[in-house]
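Here the structure is laid out as structure tokens; the discussion comes afterwards.
The values are calculated or read from the model by the stated rules, or taken from the named source; none is laboratory data. These numbers come from a predicted model, not from an experiment. Ideal geometry is used to build each Cβ from the backbone, glycine not excepted, and the neighbour counts take in all protein chains shown.
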Amino acid sequence: MVVTDRTSSQIEKSKFISRDLSWLKFNQRVLDQAKKPNRNFFDKLKFMAITSSNLDEFFMIRVGSLYNYLDFNKERIDYSSLREIPFRKNLLNKSHEFFFDQADHYIKNIRPNFKKHGFNILNVNELNEAEKERVKEYFKKTIFPMLTPMVFDSYHTFPSLVNQVLIFGAVTIDQRDETEKRRLSFIQIPTNLPRFFEIYRDDQLVFVPIEEVIRTFIHKLFRNISIESVNLFRITRNGDFTLDESDDIETNFLEELRRKLKTRKTGRVVRIEVEENANKWMLRIIKNRWDLEDDNIFEVTKDNLFDYSAFWQIIGHNEFKNKVPKFNPPVKPVSMQDIGSEETIFEVLKQRDILLHHPYNSIEPLLELLDKSAEDPKVLSIKLTIYRVAKDSRVTAALLKAAENGKHVSVLFEVKARFDEENNLKEAKRLQQAGCFVIYGIQEVKTHTKLLLIVRKEGEKVTRYVHMSSGNYNESTSKLYTDWGILTSNEIYAHDVSEFFNAITGHSLPRIYKYLITAPKDMRQQIVDLIKIEATNAKKGLPSGIIIKLNSLQDKQTISELYKASQAGVPIKLIIRGICSLRPGRKGLSENVEVYSVVGEYLEHSRIYYFHNNGDSKIYGGSADVMVRSFDRRIESLFMVVDPLLKKQVMNILSYNLKDDVNAYVMKEDGTYEVKKLTNKKPFNIHKELFKITKEEIEKVELIKS
């Protein structure tokens, strides 16, 4: 696969960077974490596993979306200005480059270090006789009864093979059959068995891949016939994603595409990972069957491993629990450091707003608020939006308890949350059966906003308690993702959030919110207006500045306004963890724009929008990234920060992100990234320093001099 000079030239000339090519650069930064020489080895395995899962999702969703255009002969022009066919070639070429880099790191740097960390991954032929006997028994009693060979020939239709499952393709020969001697059979490896069979030795723990166990004894499935070849492969299908969520699909194509996709029994295959030197006859059959080209085939060498997400079995093993690095314990939120333990959360929130910044602060104050609300006879109702929850969730447990205690509980449960559909549907049904008013998402859009409203009768009046956040109500991910939110009893927040719930659970159209910006109503326009104010101030010679922290930046209209603001002289700093379609530092276009990406121990998930506003800063946080889907196809919200101390806290989060020189990358004008050079006297790691933050330090923060 060769990328032509013309293709490269087109990409370089475009004012925008392809979201898909940008995403591959993001996964490269994740792979970098597995390459850091001083990182704990089990952490390196974790990042290898994450890159593998990320790449799977990329092919299912992004490459799958591209094939919706290719398969139905629809035109598509990527942000890089390439049409669909040259873009496919370029994208798959870049995907192969990443795939080879990932494999090279595993073979040269990960695999050779297994033994010194107390384990090894071995094939059956590397075991001693006693161990081979144990493996044989495991195959005979556990694996063999579960295997089902599926033959494809003139008498049997091509089987429906499962997405992202290891599969053996066995080519067999029956000399007695004069008409069709050679046949192809498929054996799918059971997914409800551990990926590795474990063997304890005195000096180490041995992991034997289940595929190698099956390969050793696969002849038992084909009696009295010859086996010409046995090759392992794995397919990735176009994901069953919500079409309304696709930023690339035009509205007039959506209905047509829905109808066409209904005729498919399974998603279109977009990638095959297969052992090198696989049987050519087998490959020809499956390539023709799935209409694939050579660049859809990703060869796995004999010394490599399929699907690095298998490392989770090793990382989570009890044998290594003392070798896996421990996370720092959370610290008390700055706005709660002077509060005694005798005060209830309700009493605290009547005095002040509280900012929770996870994982540096525990999610416990929020869970305590929900737990107490469920039991408190004064609490009348609880309203909540849920996008993802933890398994065995304390959040849903509190809601169930509240319903049992006769409180009105309304939950907007987004059952279309990608890859969490099953868990969300199960939890939603539990709540509904307990008497909660459950709304299963809103037709045509996803509910992505994170809002909580608690109504409590206190004497003669009613007080409303609110939580607004950038992250999900998920106590598990709150330990791994950086998110922030506000707990408050401020009546203006309460009014806005109450009106918002009425709009999404009923039939109400609020004209205006004071502290909220919502989508799909007018979020894009309000953000554009805030950018324009900075541009106007810069033209007048007034202080100006924009600092935005997001997961993804992709909306062309907003990017165009940032370009105009840059040309007006506004200094713009963007902290974008993942996809960034804006091209920074281009002469005459974006000379005043700097883009950073922070990728490290925790997944940066928080969103912050800061506008200097001539010294009277406006700061927003919430659930929305700057993406087409966030503005047009999701229910989202951003909340303004008004409390002076909380504003300083949020400004400090931005300041620390910009100061980081351990986890930070700098984006260059061509869309590539380089590790940020050390800028401090000693390395500054945001994922450590934010555990040490003090109120005094926060008070000193100044992002832009007025």
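Given the structure, is Asp5 farther than 20 Å from Ser552 by Cα and either modelled with pLDDT of 95 or more or not hydroxyl-bearing (Ser, Thr, Tyr) (or both)?
When the stated conditions are applied, Asp5 passes them.
If Glu133 satisfies every condition in (1) under 24 Å from Asn277 (Cβ atoms); (2) without any contact (Cβ under 8 Å) to a residue 40 or more places away in the chain but one, which is the exception?
In the conditions (1) under 24 Å from Asn277 (Cβ atoms); (2) without any contact (Cβ under 8 Å) to a residue 40 or more places away in the chain, Glu133 misses (1) alone.
Of all residues in the stretch 349-363, count the ones that are surrounded by 17 or more Cβ atoms within 10 Å (Cβ to Cβ) and either assigned by TED's automatic domain parsing to the domain that holds Leu646 or not in a loop (DSSP other than H, G, I, E, B) (or both).
Residues meeting the conditions: 6.
Of these, Arg6, Arg39, which one is over 18 Å from Ser581 (Cβ atoms) and more than 23 Å from the chain's Cα centre (by Cα)?
Arg6
Take Asp32 and decide whether it is under 22 Å from Gly239 (Cα atoms) and part of a helix (DSSP H, G or I).
no
Looking at Gly578, is it surrounded by 15 or more Cβ atoms within 10 Å (Cβ to Cβ), on the phi > 0 side of the Ramachandran plot, touching a helix residue (DSSP H, G or I) at 6+ places or on another chain (Cβ under 8 Å) and modelled with pLDDT of 95 or more?
No.
Is there any pair linking a residue in the stretch 449-468 that is over 11 Å from Thr488 (Cβ atoms) and modelled with pLDDT under 95 to one that is part of a loop (DSSP other than H, G, I, E, B) and among the basic types (Lys, Arg), with Cβ under 8 Å and at least six apart or on different chains, and which?
Taking only residues 6 or more apart or on different chains, the pairs are Glu458/Lys378.
Restricting to the stretch 678-690, give me the number of residues that are out of contact with any Asp or Glu (no Cβ under 7 Å at 6 or more places or on another chain), surrounded by fewer than 17 Cβ atoms within 10 Å (Cβ to Cβ) and either touching a residue at least 12 places away in the same chain (Cβ under 8 Å) or not assigned by TED's automatic domain parsing to the domain that holds Gln649 (or both).
Total satisfying the criteria: 2.
Identify all residues within the stretch 85-104 that are over 14 Å from Asp20 (Cα atoms), among the hydrophobic types (A, V, I, L, M, F, W, C) and either in contact (Cβ under 8 Å) with a residue 24 or more places away in the chain or not in a helix (DSSP H, G or I) (or both); write none if there are none.
Across the stretch 85-104, the qualifying residues are Phe99, Ala103.
Looking at the stretch 216-235 only, could you name the residues that are touching a Phe, Trp or Tyr at 6+ places or on another chain (Cβ under 9 Å), in contact (Cβ under 8 Å) with a residue 60 or more places away in the chain and not in a strand (DSSP E or B)?
Within the stretch 216-235, Thr216, Phe217, Lys220, Leu221 meet the criteria.
Of Phe306, Phe346, Phe298, Phe311, which residue is surrounded by 13 or more Cβ atoms within 10 Å (Cβ to Cβ), hydrophobic (A, V, I, L, M, F, W, C) and closer than 30 Å to Val642 by Cα?
Phe346
Take the conditions in contact with a Ser or Thr (Cβ under 9 Å, 6 or more places away or on another chain) and hydrophobic (A, V, I, L, M, F, W, C) and apply them to Leu24. Does it pass?
Yes: the conditions hold for Leu24.
Would you pick out the residues in the stretch 371-391 that are in contact (Cβ under 8 Å) with a residue 40 or more places away in the chain and in a helix (DSSP H, G or I)?
Within the stretch 371-391, Ser373 is the sole residue that qualifies.
Yes/no per residue for (1) in contact with a Ser or Thr (Cβ under 9 Å, 6 or more places away or on another chain); (2) modelled with pLDDT under 95; (3) crowded, with 24+ Cβ neighbours inside 10 Å; (4) polar (S, T, N, Q):
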{"position": "Ile572", "(1), (2), (3), (4)": "yes, no, no, no"}
{"position": "Pro584", "(1), (2), (3), (4)": "yes, no, yes, no"}
{"position": "Glu591", "(1), (2), (3), (4)": "yes, no, no, no"}
{"position": "Leu603", "(1), (2), (3), (4)": "yes, no, no, no"}
{"position": "Tyr610", "(1), (2), (3), (4)": "yes, no, yes, no"}
{"position": "Lys618", "(1), (2), (3), (4)": "no, no, no, no"}
{"position": "Gly621", "(1), (2), (3), (4)": "yes, no, yes, no"}
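From (1) under 24 Å from Glu375 (Cβ atoms); (2) crowded, with 24+ Cβ neighbours inside 10 Å; (3) acidic (Asp, Glu), pick out the condition that doesn't hold for Asp483.
Unmet for Asp483, out of (1) under 24 Å from Glu375 (Cβ atoms); (2) crowded, with 24+ Cβ neighbours inside 10 Å; (3) acidic (Asp, Glu): (1).
Could you list, in sequence order, the residues of the stretch 437-491 that are more than 17 Å from Thr344 (Cα to Cα) and of a type in the set (Asp, Glu)?
Glu444, Glu460, Glu475, Asp483, Glu491
Output the residue which, of all residues in the stretch 132-171 that are among the charged types (D, E, K, R) and farther than 12 Å from Val213 by Cα, is farthest from the chain's Cα centre (by Cα).
The selected residue is Asp153.
Which residue is surrounded by the fewest Cβ atoms within 10 Å (Cβ to Cβ), if the candidates are limited to the stretch 430-480 and must be over 27 Å from Pro520 (Cα atoms) and acidic (Asp, Glu)?
Glu460
Among the residues of the stretch 314-324, is there at least one that is in contact with a Phe, Trp or Tyr (Cβ under 7 Å, 6 or more places away or on another chain) and either assigned by TED's automatic domain parsing to the domain that holds Leu646 or assigned to a loop (DSSP other than H, G, I, E, B) (or both)?
Checked against the condition, which is being in contact with a Phe, Trp or Tyr (Cβ under 7 Å, 6 or more places away or on another chain) and either assigned by TED's automatic domain parsing to the domain that holds Leu646 or assigned to a loop (DSSP other than H, G, I, E, B) (or both), the stretch 314-324 yields at least one hit.
Could you check, for the stretch 649-656, whether at least one of its residues is in the same structural domain as Val599 (by TED's automatic domain parsing), surrounded by fewer than 20 Cβ atoms within 10 Å (Cβ to Cβ), over 13 Å from Gly621 (Cα atoms) and of a type outside the set (S, T, N, Q)?
Within the stretch 649-656 (the criterion being in the same structural domain as Val599 (by TED's automatic domain parsing), surrounded by fewer than 20 Cβ atoms within 10 Å (Cβ to Cβ), over 13 Å from Gly621 (Cα atoms) and of a type outside the set (S, T, N, Q)), the answer is yes, since at least one residue qualifies.
Residues are listed down the side, and each one gets a yes or a no for (1) surrounded by 15 or more Cβ atoms within 10 Å (Cβ to Cβ); (2) of a type in the set (D, E, K, R); (3) under 21 Å from Lys220 (Cβ atoms):
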| residue | (1), (2), (3) |
| --- | --- |
| Lys140 | no, yes, yes |
| Phe152 | yes, no, yes |
| Gln188 | yes, no, yes |
| Asn192 | no, no, yes |
| Asp203 | no, yes, no |
| Val208 | yes, no, yes |
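The rows are residues; the columns are (1) assigned to a loop (DSSP other than H, G, I, E, B); (2) farther than 26 Å from Arg237 by Cα; (3) among the charged types (D, E, K, R); (4) free of Cβ contacts under 8 Å to residues at least 12 places away in the same chain.
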{"site": "Thr148", "(1), (2), (3), (4)": "yes, no, no, no"}
{"site": "Val162", "(1), (2), (3), (4)": "yes, no, no, no"}
{"site": "Gln175", "(1), (2), (3), (4)": "yes, yes, no, no"}
{"site": "Pro190", "(1), (2), (3), (4)": "yes, no, no, no"}
{"site": "Leu193", "(1), (2), (3), (4)": "yes, no, no, no"}
{"site": "Glu212", "(1), (2), (3), (4)": "no, no, yes, no"}
